[in-house]
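Single-structure report; data block below.
The values are calculated or read from the model by the stated rules, or taken from the named source; none is laboratory data. Note that the structure is predicted; figures quoted are calculated from it, not measured. Because the Cβ atoms are built from the backbone with ideal geometry, glycine has one as well, and the counts that use them run over all protein chains shown.
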Amino acid sequence: MESRDRKKRIKRRLYHALLWIISLVFFSPILWMLICSFKTKDEILTIPPKWIFTPTLQNYIGLFHRINFTRELINSTFMSLSAVLIAVLVSFLAAYSFSRFKPKGTDLIMFILLSMRMVPAAAVVVPIYLLYAATGWKGTYSGMILFYAMFSIPFSVWILKGFIDGVSPRFDETAIVNGGSRMHIIFKVVLPQVRPGLIAAFIFNIIFVWNEFLFNYIIGGKRTITVPVGLAQGFTVGGGIQWEFVATLTAFYSLPLIIFIFFFQKYLLVGMTFGTVRGEV
Amino acid sequence: MGSIVEFHGVTKRYGKTEILKELDLKIPENDFTVVYGLPSSGKSVLLRVLMGLEFPDEGDILLRGQDVRKRPPNERNLGYIPQDFALFPQKTIFENIAYPLRLMRRPDGEIRGIVQRAAEMLSIDDLLGKLPTQLSGGQKQRVAIARGIVKETDIYVFDDPLAGLDFKLREKLFDDLKMLRERLSSTFIYTTSDPLETLSLATTVAVLHEGRVQEIGFPEELYMNPSMLSTMEILGFPIANTISGTLVTRDGEVWCETGLFSFQVEQTESGEMDEGNGQVVVGLRAESLTPVENEGESLLKAEVFLREDLGAEEIVTLDFQGRVAWTMVQTDVDRTAYDLGDIIGVKIESGALFVFDARSGRRIGKGKGTLHV
């Protein structure tokens, strides 16, 4: 009896050890990135790697002395926040309509909406470039924000429709019978009940827009440059890769997102299941 | 007593399906009217049309004597208690109950008084500070009812509010609801698909079947003396037994022959017989089918097929040579319960047999005299 218990315990310990090892393997690039951001260029390139070194903040100071960095950071922040906020608002209203009024062909429209995200980005980049070049939106803030919002809407509609479907139409009716307007129903009755869905939609899209490179590179301009594009442009200097710059910039740029997701991670599951697994949120 | 709500030939379609078919209904003032019907018989649609959540395709609706066909819901001044509570999860019980008053922008002090009174009436005044998630199903329903009545109007609409609650809770709420109606002295319009709920709550029952009100009247009257086959079939528990039969004339008297027995028919005054056809359906309530101990006086023989114990009563399914019927028996301590496969004698009073026209479903007569096997 006792030996079986012990065997079980050891087995569980082994499983846990294995899980830890796998997690660390996956975490190692991030760790490498973090460590390197505090090393000098020479220390980064030493073989075998130097584990004990005097950390330096020189890289971070250098980062802010780059001509474009502040602008890139402001662009990234401003464009991703505004695009995602627009997307979530539009999606919420669209999802409400789909859920309550069920226009003809709702399922088909929902499918088409999502299929936009099934197409690889590279496949649509040329037509979108032509469209933006023709309309003169290329390189404008409004053009970029609208593009990112457009790209964020399908997924948000899916998440939010799942949530709004879960809010009984009896709420709407109770409001209507007592004299509540449609705006009252949407923003005062339904919205407070789908807050987790709004957060989930927000997180999913902010991850995408924050890290987006391709479209900013192609349809953006000098003015609208974001950090990922800035990273690509400052990657090499004189034929050599600037490892300390890459490490520092990525470490710094990932930080807000990592912190944000750490606090809202329970909403990730909600997003990935389109609001069908709501659990505790 | 005048009627406060009137439906005149109201038709409501969803796509091509007619949910309400030229429905006529008059709901008496200051009364507890239960609209009873099987699930998906159109009860909810009837209420939705009444409240103005949907507009009828045809027909008129008079509310307090005025045509409200195209009036929006907020102009109808109705209290509404929805089926699935619909309590705001993020609001306290107090705010949930106060919701209709907040929408009407009533002053705070006034709201406090009204909410307090409503909560006391439903004995939930100790829950006002809590959130809906902290409440049990029965308490939630009380909150939903309290929210429905704070409007202090003269008509309250209950859309199957006790569905999903367990039996004990429902029985408790029956009395409270009846008392509440007395205290508010207003009109209650209530839908349900539960026959016991209907018979215990209603002062007036409207039986809704296939989009039409089949019959309206006092509950005992509809139960004891149904004039439509559908009323007899659906209003009651267990559901009434039916057997098809044919009308024949013997020595100038009308007889009804079923495969199992025949009896003389006493025609209802208004009940016209369809002579060309003569096909009828005979209805018999489970409790009118009595198993008898004494073999001598029994007329029919049946095999015990299934037993369903309800505690004080038992529903016994009997097999009459391939035809199945239910009976309700009291389970006494000293009496031996039947065993499956037992052959027992069964007595039927011919007066308990209702004869309906097979095509129209209208009652054309009742049994009389002795039953011939």
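Data table
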{"quantity": "Lone qualifier among A:Ile258, A:Ile241 - being among the β-branched types (Val, Ile, Thr) and either on the phi > 0 side of the Ramachandran plot or within 20 Å of the chain's Cα centre (by Cα) (or both)", "calculated": "A:Ile258"}
{"quantity": "Top-ranked residue in the stretch B:153-171 [being assigned to a loop (DSSP other than H, G, I, E, B) and without any contact (Cβ under 8 Å) to a residue 60 or more places away in the chain; ranked as nearest to the chain's Cα centre (by Cα)]", "calculated": "B:Leu162"}
{"quantity": "Index of the failed condition, A:Leu214 passing every other in (1) over 17 Å from A:Phe69 (Cα atoms); (2) modelled with pLDDT under 90; (3) surrounded by fewer than 21 Cβ atoms within 10 Å (Cβ to Cβ)", "calculated": "(2)"}
{"quantity": "Hits in the stretch A:39-95 (condition: within 20 Å of the chain's Cα centre (by Cα) and surrounded by fewer than 17 Cβ atoms within 10 Å (Cβ to Cβ))", "calculated": "A:Ile74, A:Thr77, A:Phe78, A:Leu81, A:Leu85, A:Leu89, A:Val90"}
{"quantity": "Checking B:Gly9 against (1) part of a loop (DSSP other than H, G, I, E, B); (2) away from chain A (no Cβ under 14 Å); (3) on the phi > 0 side of the Ramachandran plot, the condition it does not meet", "calculated": "(1)"}
{"quantity": "Pairs where the first residue, in the stretch A:171-194, is farther than 11 Å from A:Arg100 by Cβ and at the interface with chain B (Cβ under 7 Å from one of its Cβ atoms) and the second is hydrophobic (A, V, I, L, M, F, W, C) and surrounded by fewer than 17 Cβ atoms within 10 Å (Cβ to Cβ), C-beta under 7 Å, 6+ apart", "calculated": "A:Gly179/B:Met104"}
{"quantity": "Which listed residue, of B:Asp159, B:Asp125, B:Asp176, is at pLDDT below 95, of a type in the set (D, E, K, R) and within 30 Å of B:His8 (Cα to Cα)", "calculated": "B:Asp159"}
{"quantity": "Some residue of the stretch B:46-55 being β-branched (Val, Ile, Thr) and touching a helix residue (DSSP H, G or I) at 6+ places or on another chain (Cβ under 9 Å)", "calculated": "no"}
{"quantity": "Sole residue being surrounded by fewer than 14 Cβ atoms within 10 Å (Cβ to Cβ) and touching a residue at least 12 places away in the same chain (Cβ under 8 Å), chosen from A:Ala149, A:Ala122", "calculated": "A:Ala122"}
{"quantity": "Scan of the stretch A:159-170 for residues that are in a helix (DSSP H, G or I), surrounded by fewer than 21 Cβ atoms within 10 Å (Cβ to Cβ) and touching a residue at least 60 places away in the same chain (Cβ under 8 Å), ordered by number", "calculated": "A:Asp165, A:Pro169"}
{"quantity": "Selected residue [in contact with a Ser or Thr (Cβ under 9 Å, 6 or more places away or on another chain), at pLDDT 90 or above and aromatic (Phe, Trp, Tyr)] from A:Tyr148, A:Tyr129", "calculated": "A:Tyr148"}
{"quantity": "Helices (runs of 4 or more DSSP H) within the stretch A:53-151 that include 2 or more residues of a type in the set (Gly, Ala, Ser)", "calculated": "A:69-101, A:121-135"}
{"quantity": "Residue within the stretch B:65-78 that is hydrophobic (A, V, I, L, M, F, W, C), within 30 Å of B:Met121 (Cα to Cα) and buried (at least 17 other Cβ atoms within 10 Å of the Cβ) present", "calculated": "yes"}
{"quantity": "Residue among B:Ala98, B:Ala119 that is at pLDDT 95 or above and out of contact with any His (no Cβ under 7 Å at 6 or more places or on another chain)", "calculated": "B:Ala98"}
{"quantity": "Strands (runs of 3 or more DSSP E) (entirely within the stretch B:30-133) containing at least 2 residues that are away from chain A (no Cβ under 14 Å)", "calculated": "B:32-36, B:58-63"}
{"quantity": "Number of the exception - B:Leu306 against (1) part of a helix (DSSP H, G or I); (2) over 15 Å from B:Gly236 (Cβ atoms); (3) at pLDDT 80 or above", "calculated": "(1)"}
